[in-house]
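Below: one structure, written as structure tokens.
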Protein chains: 2
Amino acid sequence: MNCSIITIGTELLIGQVLDTNSVWLGKSLADIGVQIVSKISVSDDRADLLKAFQRAEEDAELILITGGLGPTKDDITKQVLAEYFGVDLYFDEGQYERIKAFFQQLNRSITDAHRQQCYFPSNVELLENNMGTAAGMLFRHHNKRFISMPGVPYEMKYIMEHSVLPLLAQESEKSIVHKTILTAGVGETVLAKKIEDIEDQLPPHLSLAYLPGLGRVRVRISGASENEAALKKEIDDISDKIVDRFGHYVFGFDEDSLAKKVGRQLMDKGYMLGLAESCTGGSVAKLITSVPGSSKYFQGSVVSYSYDLKESLLQVQKDTLLNTGAVSEETVLEMVRGAIKLLNVDVAVSISGIAGPGGGTPDKPVGTVWLCVGDKDKQFTKKLSLSKDREKNVEYSSNAALNMLRLFLDEKLLDD
Amino acid sequence: MNCSIITIGTELLIGQVLDTNSVWLGKSLADIGVQIVSKISVSDDRADLLKAFQRAEEDAELILITGGLGPTKDDITKQVLAEYFGVDLYFDEGQYERIKAFFQQLNRSITDAHRQQCYFPSNVELLENNMGTAAGMLFRHHNKRFISMPGVPYEMKYIMEHSVLPLLAQESEKSIVHKTILTAGVGETVLAKKIEDIEDQLPPHLSLAYLPGLGRVRVRISGASENEAALKKEIDDISDKIVDRFGHYVFGFDEDSLAKKVGRQLMDKGYMLGLAESCTGGSVAKLITSVPGSSKYFQGSVVSYSYDLKESLLQVQKDTLLNTGAVSEETVLEMVRGAIKLLNVDVAVSISGIAGPGGGTPDKPVGTVWLCVGDKDKQFTKKLSLSKDREKNVEYSSNAALNMLRLFLDEKLLDD
């Protein structure tokens, strides 16, 4: 089965909203073998919506629509869908009762705007939304199916998980299999060179793609077949060959992350981790704690944004700060040693750098970052020379710090 | 002038990449009055690309394309563009010399794959890319313009900023003006109710849209006119009326953020800020330090993920932790008082909660979060009852903490 996604909202076109919905939709549909042929964003405009519905109907059997179902006047999806299908709107008493109960539970009273949310095109099949006031809608039209959902991420996810995905999983025939090899600390072209011959010999029903990120590259193998088990085995075999070539650059597969990987390593060794962050400003701690259960191996972090805290909490020597500066190999070494004592942990990571856009000097331009990882016996340092872009520098340094911790815990740091 | 955006890459459809490019493109184009009529993502597939080019040419005068220009075999944009325009590819010696020099500077040698990047459709006008190996490309075709750029965000931005935006800004006639009012601590329907009459009386060339987020709602006023100055004044007048109704829920406009707002407040008062984060795990520190220059008012943060650090660093009493638990009003109060002393700051914020998915109890279900903000004389606390979703809880709590700090610094906290 193939699918087109339509996301509705002027905010998606003028750059006010980062479209995370279609990422989640893409993943969920790929997992059950639904192929997405296109994804289109349009504004809350009648003519644009009608054209988008028409084209999506030409392209795909299934059309998933998000957005434009809210209680405010700019939300016109339902009216335009009714026009497209040539039907009227009707008032659904059942939905009205549900919304009234929903608001009673929150101790809020229902407004006229919410009453508007109980009108639906008459050919609708309603899909339950327990997370909000706008119900999901399924329409059958010219042997195609249109599914319209709210743009609020957790409401859309609820409807997908409870109604749409179970329905589609039942119907799927051909399987699509993706496997993604996750690497860190190396560039796309170096990796491509290592597996040039493997790529050249790929059978035509398989494909390879490189997805570069800041300090990470993902390499995806994809294929389609009626025999899912055989396809999985074939892709696993090729993946094994590639992983062998890539060596310790590989840290995981698919939905894994550097934060999850170091979490498992720390659990295995029974280590507690502590952080001393300066220029990354809490970003590494945020990555570590994005993993549920991270309190089992993460003690905490000192975000020492000032000279003062580096001295008073992390015991970096005044002389070190005066002689070599806060962004130096000596400072990050002392930060790790200080963090191990202060936080009472087995292993610590420190980062100090000039994220930018200001603060650079000829000696230490913006983008200069020092990293250190170690335990009480042994510490390793590394210097990065990055860009002038603050956000990019923070993200790259955070990934590099986690990758350095990964290699340290694998005792591979000297090989790098 | 109107524009269609095409983003190319299977990774955009199967949910492997969050499309931040089109957010940036949308903003930049809206700012110079270019109206985006649609945004479409397609996979690296010849037939899908040809169809996307055709439809975009029907819809708009300007077609912006990102992605598929890399050195790997899945990158086919140039070949398909040449086919669409009915021209051949040629080898550009100038680009080859440029790429060789680029690699020499990085002390790396050039590969065959990079040689491939020097082939271009013969009707190309090259656009300089100083950030990478794939040049930008401009094509004039049937009185329309196609511009193709790499998908790597900083390469795309370089080409836009140095070639495309200056070109378009020169040509623009009708101005589009957006103004967005930023609010925190209140829901979309409450806001809509407050300005129902203003919305009903809006002239037809203006429109209003609500963009809800976690703990924040943005309200956007948009309009188009040949007289930019008059339009700006008209929108400013309506904005003033709305701001008056919304009162202290409003914290800023357009690209402002809670983190920037509290930064300005702290600078004005000459205060240093410290944080004591538990369940948000560094997320508030990351928001604060995302603002360039934040070191002037941000001393640092203790991310006390464990009981131990709450006691040893923040001086939360053992009795408090035993009797009321780490997620309690007493604990966040002691965390703020402890942080003020430990970090030697004027004002501090603390957060402790159960982010989930595990760790809930009947008394304190997942989503229970306590916040505290204060100085050495006065502290305020607040309890949130959030969802079961870890990521959402962290984001909501972080925004709520910043909003509480904002109201405290404005001495408005008691009014809330």
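The values are calculated or read from the model by the stated rules, or taken from the named source; none is laboratory data. No experiment lies behind these values; they were computed from the predicted model shown. With ideal geometry, Cβ positions are generated from the backbone for all residues, glycine too; neighbour counts draw on all protein chains shown. Side chains are part of the model used for accessible areas, which takes the heavy atoms of the whole protein and leaves out ligands, DNA and RNA. Shrake-Rupley method; radii C 1.70, N 1.55, O 1.52, S 1.80 Å.
Exceedance of the 25 Å cut-off in Cα-Cα distance is limited, within the set B:Lys241/B:Lys269; A:Lys100/A:Lys157; A:Lys382/B:Lys296, to B:Lys241/B:Lys269; A:Lys382/B:Lys296. The distance between label points at B:Tyr96 and A:Ser109 comes to 7.8 nm (points 7 Å beyond Cα on the Cα→Cβ vector).
Compactness of segment A:190-308 was expressed as the Cα radius of gyration divided by 2.2 N^0.38 Å, which yields 1.40.
If R0 is taken as 30 Å, the Cβ-Cβ distance between A:Trp24 and A:Glu61 corresponds to a FRET efficiency of 0.90.
Rolling a 1.4 Å probe over the protein heavy atoms gives segment A:258-415 an accessible area of 41 Å² per residue.
Between A:Ala47 and B:Lys341, the simple spin-label model (points 7 angstrom out along Cα→Cβ) gives 6.9 nm. Here the calculated FRET efficiency for B:Ile76 and B:Asn130, from their Cβ-Cβ distance with R0 = 25 Å, stands at 0.50, rounded to the nearest 0.05. Across the identical copies, the 7 Å label point of B:Ser109, projected outward along Cα→Cβ, sits 7.9 nm from its counterparts, in ascending order. For the B and A pair, go ahead and give the buried accessible area with a 1.4 Å probe, both sides summed, in Å² to 100. Summing both chains' loss of accessible area gives about 6600 Å².
If the label point is 7 Å along Cα→Cβ of A:Glu196, which residues in segment B:127-157 have backbone nitrogen under 11 Å from it? It comes to no residues whatsoever.
Report, in deg cm²/dmol and to the nearest 500, the calculated mean residue ellipticity at 222 nm for chain B, where each DSSP H run with n ≥ 4 adds -39500 (n - 2.57) and the sum is divided by the residue count. Could you put the intermediate results ahead of the total?
Values: 17 runs with 168 residues, N = 416.
Theoretical 222 nm ellipticity from helices: -12000 deg cm²/dmol.
Note on B:198-210: average number of Cβ atoms from other chains within 10 Å of each residue's Cβ is 2. Between the Cα long axis of helix B:46-59 and the first principal axis of chain B there is an angle of about 80°, rounded to the nearest 10.
Suppose every K and R has +1 on its Cβ and every D and E has -1 on its Cβ; what is the size of the dipole of the protein assembly as shown about the Cα centre, in Debye to the nearest 20? Before the final figure, lay out the partial values.
Details: 92 positive and 116 negative charges, 383 e Å.
Its charge dipole is roughly 1840 debye.
The rule of thumb for compact globular proteins, 2.2 N^0.38 Å, goes into the C-alpha radius of gyration of segment A:258-415 0.96 times. A:Asp45 label point (Cα plus 7 Å toward Cβ) to equivalent points in the other copies: 2.8 nm, shortest first.
Compared with the alpha-carbon gap, the fully stretched path from B:Ser122 to B:Asp375 is longer by 84.4 nm at 0.36 nm per residue. Applying a DSSP loop filter and a limit of 15 other Cβ atoms within 10 Å to the trypsin sites (Lys or Arg not before Pro) in segment A:75-175 leaves A:Arg108, A:Lys174. Within the assembled protein chains, the solvent-accessible surface assigned to A:Glu199 is about 20 Å², based on a 1.4 Å probe.
Near B:Gly252, once Lys and Arg are set to +1 and Asp and Glu to -1 for all other residues with Cβ below 13 Å from its Cβ, the sum equals +3. For segment B:329-344, backbone phi angles converted through the Karplus equation (6.51, -1.76, 1.60; θ = phi - 60°) give residue-by-residue couplings of 4, 4, 5, 5, 4, 5, 5, 5, 4, x, 5, 4, 6, 4, 8, 6 Hz, Gly and Pro being listed as x. Relative to the longest principal axis of the Cα atoms of chain B, the long axis of helix B:21-31 makes an angle of roughly 90 degrees. To the nearest ten degrees, helix B:258-269 and the longest principal axis of the Cα atoms of chain B are 60 degrees apart. Look at the stretch B:70-76: the mean tally of other chain Cβ atoms within 10 Å of its residues' Cβ atoms is 6.
Subtract the Cα-Cα distance of A:Arg245 and A:His205 from 0.36 nm times their separation in residues, and report this length gain in nm to one decimal. Intermediate values should be presented prior to the final figure.
Details: separation 40, 0.36 × 40 = 14.40 nm, distance 2.25 nm.
Here the segment from A:Arg245 to A:His205 would lengthen by 12.2 nm.
Subtracting the Cα-Cα distance of A:His142 and A:Gln315 from 0.36 nm times their residue separation leaves 55.1 nm of extension gain.
Can you give me the distance in nm between label points at A:Asp410 and A:Asp363, each placed 7 Å from the Cα along the Cα-to-Cβ direction? That separation, rounded to one decimal, is 3.6 nm.
Taking only alpha carbon atoms, segment B:175-253 gives an Rg to Rh ratio of 0.96, where Rh is the Kirkwood radius.
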